[in-house]
Amino acid sequence: SSTSAVISSLIFYGIIGSIIYFAFSMLRPKERRVYEPKTMELAKTNREQVPPSVPGGPVQWALFLFRQPRSFLLQYAGVDAYLFSRYVGMFAGVSLLGCFILLPILLPVNATGGQDLPGFDLLAFANVTNNKRYYAHVFLSWLYFGLVMFVIYKELIFYISLRHSIQTSPLYDGLLSSRTLLLSDISEKYTDEDSIRTFFPTAQRIWYARNFKELEKLTEERSKLAGKYEGALNKIISKGLKLKKKLVKKGEALPQEPQGYIKKDPTHRLGKIPFIGKKVVTVDYCIDRIDELNKEIGEAQKTPETAKLMSSVFIEFPNQLEAQKAYQAVPYTKDFKLRALGCAPDDILWPNLSQKTKERASRTTAANSFLSAMIIFWAIPVAVVGCISNIPFLTDKIHFLRFINNCPSVILGLITGILPTVALAILMSFVPVIIKKAGKMSGMITEQQVELYCQSWYFGFQIVQVFLVVTLASSASSTVTAIIDDPGSAMTLLAQNLPKASNFYIAYFLLQGLMTPAMSLLQIGPLILSKALKFLQNTPRKKWEKYNTLSMPSWGVVYPPLQLLVCIFIIYSIISPLILLFSTFTFGMLYLGYLYLIVYVYGQPQIDMRGRNYPKALFQTFVGLYLAEICLLGLFIMAKTWGPVVLEAIVLGVTVCVHLFLRWKFEPLLDTVPISAIKEARGEGALYPQKDLGLAEIKETGKNFIDHHDANAFSDSNGQKEEIEPAVATANGDSASSRNETVVAGAGVTTRQETAASAEAALQDDINHANFNTLEEQAKTNPKQVLKRFFNPKDGYNFALIRSQLPHYFNLTTTYSSSYLDGAYNHPAITDEEPHIWIPKDPLGISEYEISKADDKVDVKDINTEYNEKDAYEVTGPPPAYEEVIK
């Protein structure tokens, strides 16, 4: 049945996937907004990140994207998306290497093992009866698992070098978030600015987090009323136009005044309980109540200092160098418990800033306990899914299911191969939302922390339910009866049947390889919504937002399913090596599919993770290594072959040591930048500490800061506080005069200017891909260079080389107006502006009538809209007072 299930899955998924891909190829040229929105220069996309047009033809785009170097993806996809694609492509390569290393040896060893099992089981560990043959498995596990650990080590070096290169580029070096330190759960002696400046002498602006709970309620009420008011006005205009059509059709006289087209004002009921509260006229009530709220909120915003202090503070430094010194010093003092750097104002979870250590610890314990209980709860339906994959054994014991045995072999293959995998994918889609909610309730202070929390727990869910529960259920259901009949054979039977669960995962890989990329490319959800929302988007704001907002992935949700696939092929690489063929194909297809999505479809996420999901995914790969080695140990023990048991125990011990070593070496570097890296980027003569990537320097910097509070000992400005000075050397080593510049002209308003003609020329070169042809192209034509970079990553991925390969996009610099800076890290309730209502300008004059009716109490505008000959309005520009989001 294993062969039937796999072949049925291959045929079914192959046919459906081909149909879906054909539909994508046909629709792509016709639906640009769905399939290549980033090429359309939408209002919310940076011009510098608009990719070249998609090559025509069904496969030309794949060939085009596959040939592009790192710098192309960094510019047009972004750092987080590039690293995700690298993760997928890298493990496609690891799986392919496994095919070359393991299959030529293990397939003959297993196939001639003596059991003569049917189907794919003939090529698995379970087919071996001679204990001496297990030495082939154990020594190859040494080789392959060692290769995986070396790849993790190599990629961690690459990530640290890339992270430090990007952090010291003009783009990131000039960001306000790169030089603003968030400290939470601070000591009471640091609740005034003078005490903070004593500890951090180079601090510029200081914002204390305050409790604006009541003000927040008022701003939320105002926001809801504004949405209701805007919707009501648009509804009135729409009904007025319909009334005109009706009157014209009947030949009746048209009203002389705009208000004549308003037959009935919209109403709603007050209160939280539906159908019970007082009934009011929506427009009149909203005008009066919003006006009251504007005055009340405005008065409260004038005196923010009267609000109660929370135990958190934001400290702006003159530049990233000073901010990094302060950040690296925090672990060496007991006065500050939590720290965060690189977080924009929109990334802050304000309600959690008031929590103390004990409260945060209790909340974390409660959240983790809740999620642990969820694992147990979810394990029940997942176990059922696993049993379905072994339906022939279940029908033998559960009599009312025996009718399934009468189904044709093709149908039976579909039930055992396709139904479990599809059911499992649907079941797991409910988990991430709950995890993120638990993360916020646990006391996380930034959105970045919530994303990483989600990645950790969602991966845990995947491992426990999709691997452990399914594997045990699939194998146990076929062995429990035999064990009951002959308890003495338990060890032997489990050793024989545990590898058989790999047949389920072969079908699972086929689903992921043939269906997932095709479905992702087809974008069926956005395609349907693009048609349906034309009738559902009843306001200009909704139309404009939907059209100009790109899909944005949540990397804490996207990574774990791929991490699970990595762990599965690592676990079964020795037990059932045939799975490597399917995993290689799957990761190759996923890589191409995600390449298209990150370049042409996905926008820049609102949360800038700066690549932090990547090292977490690399470290979590050790879970797959541990499970693989423990499974092999168990199989060797059950087979009573003690030589391989000892040898596999040795590799397990080595894996633990390597894991601990990598954590010790790289974890302190994940969120920090060596001071010498910043100085080298600024052309100040320092050299990047390539030997240890700055580990020793970072520790020394933090200790020295605590030992010396005199700013002159650390400030490069001789005691003077300096404004932002962008790095003298840019990402590509150009002079500062050739940089592009992003200027924040007002609070929240951005305009882009080119500071020199050479910047425009450099950008155009990037678009034409001339400047992307860097050392990567040389490596492709020089195999020795590839091997050198692989086996000597510190030289192959050194700081200077990585910086030289960054695209010109990272030469953009950022400056901010003083008005924006003064309130940048104030609570959102303090900076919340009065609402700007947006309605379409209609030919009947209803919009003008409603604007006059607001009587300066509420700002209502009918700009950037116009009606066509079909009496349908079109949006021609952004909403009133629109401001580009600043990070």
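Residues in segment 101-130 that are under 41 Å from the mean Cα position of the chain (by Cα) and of a type in the set (Val, Ile, Thr): ILE101, ILE105. The conditions of being closer than 27 Å to GLY556 by Cβ, modelled with pLDDT under 95 and buried (at least 22 other Cβ atoms within 10 Å of the Cβ) are not met by ALA681. Among the candidates ARG179, ARG210, ARG222, single out the residue that is crowded, with 19+ Cβ neighbours inside 10 Å and in contact with a His (Cβ under 7 Å, 6 or more places away or on another chain). Exactly one of ARG179, ARG210, ARG222 is crowded, with 19+ Cβ neighbours inside 10 Å and in contact with a His (Cβ under 7 Å, 6 or more places away or on another chain), namely ARG210. Considering segment 95-116, and only residues there that are crowded, with 20+ Cβ neighbours inside 10 Å and among the hydrophobic types (A, V, I, L, M, F, W, C), the residue that is farthest from TYR591 (Cα to Cα) turns out to be VAL109. So how many residues does segment 115-142 have that are of a type in the set (Val, Ile, Thr) and in a helix (DSSP H, G or I)? Qualifying residue count, segment 115-142: 1.
Of the residues in segment 172-190, none is free of Cβ contacts under 8 Å to residues at least 40 places away in the same chain, outside the structural domain of PHE622 (by TED's automatic domain parsing) and either among the polar types (S, T, N, Q) or not in a helix (DSSP H, G or I) (or both). Scanning segment 416-439 for residues that are part of a helix (DSSP H, G or I) and crowded, with 18+ Cβ neighbours inside 10 Å returns THR416, GLY417, PRO420, THR421, LEU424, MET428, VAL431, PRO432, ILE435, LYS436, ALA438, GLY439.
Within segment 195-207, track down each residue that is among the small types (Gly, Ala, Ser) and crowded, with 17+ Cβ neighbours inside 10 Å. Residue satisfying the conditions is ALA203 alone. Residues considered: PHE661, PHE636. Of these, the only one that is more than 34 Å from the chain's Cα centre (by Cα), among the aromatic types (Phe, Trp, Tyr) and either part of a helix (DSSP H, G or I) or at negative phi (or both) is PHE636. Residues in segment 551-571 that are farther than 30 Å from LEU143 by Cβ and buried (at least 18 other Cβ atoms within 10 Å of the Cβ): 6 in all. In segment 675-692, the residues that are over 20 Å from ASP795 (Cα atoms) reach residues that are outside any loop (DSSP other than H, G, I, E, B) with C-beta atoms within less than 6 angstrom, at least six apart or across chains, in these pairs: ILE675/THR701. Figure legend. Inter-residue proximity from segment 25-52: first residues at positive phi, second residues among the hydrophobic types (A, V, I, L, M, F, W, C) and assigned to a loop (DSSP other than H, G, I, E, B), beta-carbon distance below 9 Å, spacing 6+ or different chains. Indicated pairs: GLU41/VAL50. Residues in segment 208-228 that are within 26 Å of ASP822 (Cβ to Cβ) and within 31 Å of the chain's Cα centre (by Cα): TYR208, ALA209, ARG210, ASN211, PHE212, LYS213, GLU216, LYS217, THR219, GLU220, SER223. Somewhere in segment 859-880, is a residue small (Gly, Ala, Ser) and either more than 22 Å from SER238 (Cα to Cα) or surrounded by 17 or more Cβ atoms within 10 Å (Cβ to Cβ) (or both)? No, segment 859-880 contains no residue that is small (Gly, Ala, Ser) and either more than 22 Å from SER238 (Cα to Cα) or surrounded by 17 or more Cβ atoms within 10 Å (Cβ to Cβ) (or both). From the list VAL656, VAL673, VAL646, the lone residue that is over 16 Å from VAL148 (Cα atoms) and surrounded by fewer than 18 Cβ atoms within 10 Å (Cβ to Cβ) is VAL646. Would a scan of segment 146-169 turn up a residue that is of a type in the set (A, V, I, L, M), in the same structural domain as ARG663 (by TED's automatic domain parsing) and in contact with a strand residue (DSSP E or B) (Cβ under 9 Å, 6 or more places away or on another chain)? No - not one qualifying residue is present in segment 146-169. Scan segment 265-272 and tell me whether some residue there is within 37 Å of the chain's Cα centre (by Cα) and surrounded by fewer than 11 Cβ atoms within 10 Å (Cβ to Cβ). Checked against the condition, which is being within 37 Å of the chain's Cα centre (by Cα) and surrounded by fewer than 11 Cβ atoms within 10 Å (Cβ to Cβ), segment 265-272 yields at least one hit.
Test ILE196 against the stated conditions and say whether it is farther than 30 Å from TYR867 by Cβ and in contact with a helix residue (DSSP H, G or I) (Cβ under 9 Å, 6 or more places away or on another chain). Considered against the rule, which asks whether it is farther than 30 Å from TYR867 by Cβ and in contact with a helix residue (DSSP H, G or I) (Cβ under 9 Å, 6 or more places away or on another chain), ILE196 comes out as yes.
For every residue, the table says whether it meets (1) surrounded by fewer than 21 Cβ atoms within 10 Å (Cβ to Cβ); (2) in the same structural domain as ARG610 (by TED's automatic domain parsing).
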site	(1), (2)
GLU292	yes, no
VAL313	no, no
ASN319	no, no
ALA323	no, no
TYR327	no, no
LYS337	yes, no
PRO351	yes, no
PHE370	yes, yes
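The values are calculated or read from the model by the stated rules, or taken from the named source; none is laboratory data. No experiment lies behind these values; they were computed from the predicted model shown. Ideal geometry is used to build each Cβ from the backbone, glycine not excepted, and the neighbour counts take in all protein chains shown.
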